[in-house]
Amino acid sequence: MLAAAGVPLYIHLPRYVTVEMGISLSTLGAVLLGIRIMDFAQDPALGWLTDRPGVPVGVWAAIGSVGLAAGFWGLFGMAPIGAPVLWLVAVLVVIFTSYSLLTILFYAQGVRLVQAGGAGAHYRLAGAREAGTVVGILLAAILPQVMGYRGFAGVYVAVVLLAALAMSRLWSREGTPEGPSLGLKAVLASGRMRLLLALGLVNALPVAATSTLFLFFVEDRLQLAGLAGFFLLTFFAAAGISAPLWARMARGWGAKPVLLGGMSLAIVSFAGVAGLSEGAAMGFAAVCVGSGLALGADMVLLPALFAVGLDEERLEGGAGFGLWSLVTKLSLALVAAVLLPFLEMSGFKPGEENSTEALRALTLGYAVLPCLLKIAAMALVLALPRKARGV
């Protein structure tokens, strides 16, 4: 359910809003920056709030599910009421708040469920969880192409209901660390957790850049609009197939060398993107396979490493994943604030004839910048302490 919401929000939203709603790239960038600042600023508060014992976890989950379904239908299932920009802001506030709440609850519950199983249990859970994530991503990549966004919005509301019912008996506070709650301060006081948060931020930046610019690159740079759905399926199928394999390798060899291998694969995959010519379908499909395999490592290992740290240091899952969600959203805010206005200043216009300079700027943002950021993320992985369990 969560993954199926993420694809339209992070991949399809820029083109949907600019083409279907007539909102400019600069305006969209400003809206996304404001929404994401609100979004990541509230994540630690949501984590702290859900860790408090007064309200059952299942109640918070129900609130998040209703909000996500309603907001998603308001964005993709119906025409804007009033000014399009104000409507966009309103529904995105509901969607991102609900999405953050459910994501924090979901990952924190995972920490509680496998607390006694050690690092291996966290990697096994991560492999299964992220395989399920990719199923949702694949559905979100296929259905809008087949049914349109209104049809997909209706299906998504039904998926939210099914997921809420399926999880209703699993929400529990059993396994929460005993003793006085230290919340955010305790997480931030740990050098290991601060390093993992920094890694999460830097590593999320290239993913945010490529997700935001994906449709622009495929449709305007490669002129392969009809193959966008196929490329998405190839990318996420590779990620889904590789997810349990990365988890198994991490259990056998440790997360650090396996994660470095995945990051190296991402750099190699994108190194040749800048040289692709118009119509290079096979070349870009190969990039989608390689980068999808690399994404599988990120999806499985980084949240699992963070969960292992929370477990080992007896820190609260809600507070920890509230901060983890914050740094992920911060990366999306930075990309929205920098790359979209940069493209517009370069003269890039979605769906129109673009100059060589505008397409070069698109290639720089989509392919070159992510490689540089990935190298910085690898440096942070090398700085992870070897003595930490599961690393």
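The values are calculated or read from the model by the stated rules, or taken from the named source; none is laboratory data. Since this is a predicted model, take the numbers as computed values, not measurements. Cβ: placed from backbone, ideal geometry, glycine included. Neighbour counts: every protein chain shown.
In the range 50-74, the residues that are surrounded by fewer than 19 Cβ atoms within 10 Å (Cβ to Cβ) and outside any helix (DSSP H, G or I) form Cβ pairs under 7 Å with partners that are modelled with pLDDT under 90 and among the charged types (D, E, K, R), at six or more places apart or across chains, as follows: Pro53/Arg173.
Residue count for the range 265-284, restricted to those that are outside any helix (DSSP H, G or I) and at pLDDT 85 or above: 5. Among the residues of the range 11-63, those identified as among the aromatic types (Phe, Trp, Tyr) and either within 14 Å of Thr97 (Cα to Cα) or in contact with an Asp or Glu (Cβ under 8 Å, 6 or more places away or on another chain) (or both) are Phe40, Trp60. Annotation: Gly252 fulfils all but one of (1) free of Cβ contacts under 8 Å to residues at least 24 places away in the same chain; (2) more than 27 Å from Pro8 (Cβ to Cβ); (3) touching a helix residue (DSSP H, G or I) at 6+ places or on another chain (Cβ under 7 Å); the unmet one is (3).
Yes/no matrix, rows are residues, columns are (1) surrounded by fewer than 22 Cβ atoms within 10 Å (Cβ to Cβ); (2) among the charged types (D, E, K, R); (3) assigned to a helix (DSSP H, G or I); (4) modelled with pLDDT under 80:
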site	(1), (2), (3), (4)
Leu46	no, no, yes, no
Thr97	yes, no, yes, no
Leu102	no, no, yes, no
Gly117	yes, no, yes, yes
Gly120	yes, no, yes, yes
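Looking only at the range 247-263, residues that are within 20 Å of the chain's Cα centre (by Cα) and modelled with pLDDT of 85 or more come to 4 in all.
The conditions of being under 29 Å from Ser24 (Cα atoms) and crowded, with 23+ Cβ neighbours inside 10 Å are not met by Phe306.
Return yes when Val135 is without any contact (Cβ under 8 Å) to a residue 60 or more places away in the chain and surrounded by fewer than 20 Cβ atoms within 10 Å (Cβ to Cβ) and no when it is not.
Numbers: without any contact (Cβ under 8 Å) to a residue 60 or more places away in the chain: no; surrounded by fewer than 20 Cβ atoms within 10 Å (Cβ to Cβ): yes.
Criteria not met by Val135.
Going by the conditions given, is Glu344 crowded, with 17+ Cβ neighbours inside 10 Å, modelled with pLDDT under 90 and over 30 Å from Leu46 (Cα atoms)? Answer is yes for this residue. Taken over the range 269-281, the criterion of being of a type in the set (A, V, I, L, M) and exposed (fewer than 14 other Cβ atoms within 10 Å of the Cβ) is satisfied by Ala274 alone. Considering the range 285-391, the qualifying helices (runs of 4 or more DSSP H), each wholly inside and each with 3 or more residues that are of a type outside the set (A, V, I, L, M) and out of contact with any Pro (no Cβ under 7 Å at 6 or more places or on another chain), run over 317-345, 356-363.
Given the criteria within 29 Å of Leu276 (Cβ to Cβ) and either modelled with pLDDT under 90 or outside any helix (DSSP H, G or I) (or both), does Ala209 qualify? Break it down stepwise before answering.
Values: within 29 Å of Leu276 (Cβ to Cβ): yes; either modelled with pLDDT under 90 or outside any helix (DSSP H, G or I) (or both): yes.
Yes; evaluated as a whole, the condition is true for this residue.
Report yes if some residue within the range 80-91 is surrounded by 18 or more Cβ atoms within 10 Å (Cβ to Cβ) and either among the hydroxyl-bearing types (Ser, Thr, Tyr) or free of Cβ contacts under 8 Å to residues at least 60 places away in the same chain (or both); otherwise report no. Yes; the residues of the range 80-91 include at least one that is surrounded by 18 or more Cβ atoms within 10 Å (Cβ to Cβ) and either among the hydroxyl-bearing types (Ser, Thr, Tyr) or free of Cβ contacts under 8 Å to residues at least 60 places away in the same chain (or both).
Here is a yes/no grid of residues against (1) polar (S, T, N, Q); (2) more than 30 Å from Val17 (Cα to Cα); (3) at pLDDT 75 or above; (4) out of contact with any helix residue (DSSP H, G or I) (no Cβ under 6 Å at 6 or more places or on another chain):
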{"site": "Pro144", "(1), (2), (3), (4)": "no, no, yes, no"}
{"site": "Met147", "(1), (2), (3), (4)": "no, no, yes, yes"}
{"site": "Val157", "(1), (2), (3), (4)": "no, no, yes, no"}
{"site": "Ala164", "(1), (2), (3), (4)": "no, no, yes, no"}
{"site": "Thr176", "(1), (2), (3), (4)": "yes, yes, no, yes"}
{"site": "Pro180", "(1), (2), (3), (4)": "no, yes, no, yes"}
